[in-house]
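Reading through the structure tokens given below for one structure.
Please treat every number below as a calculation from the coordinates, not as lab data. Since we're looking at a predicted model, the values are computed, not measured. A quick note on method: Cβ atoms are made from the backbone with ideal geometry, for glycine too, and the neighbour counts reach across all protein chains shown.
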Amino acid sequence: MLYPSIDSLLTKLDSKYTLVTVSSKRAREIKEDLSRGPMIHRPVSYKPVGIALEEIIDDHLHFKRITPLEDEE
């Protein structure tokens, strides 16, 4: 079984699309900038995407959806 599971990750975010978007952006940060390394002490995974998913499950990485403002006319 993979860690973390997709079911446990979807309790933290609202959709699979959001999960993929957030984790891929964070994985790119981890890979490209060594000073922005993992926010967890001992990650199980050694790959950036796996580390990003572990950060989501451990509540180190959050996502907040904002709604656009209506145009004032």
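Points to keep in mind about this one:
- Structure-based [θ]222 nm, the chain - -39500 (n - 2.57) summed over DSSP H runs of at least 4, per residue, nearest 500: -13000 deg cm²/dmol
- Inter-probe distance in nm under a simple model that places probes 7 Å from Cα toward Cβ, at S8 and E29: 2.2
- Per-pair calculated FRET efficiency, R0 = 25 Å: T67 and R42 via Cβ, rounded to 0.05: 0.10
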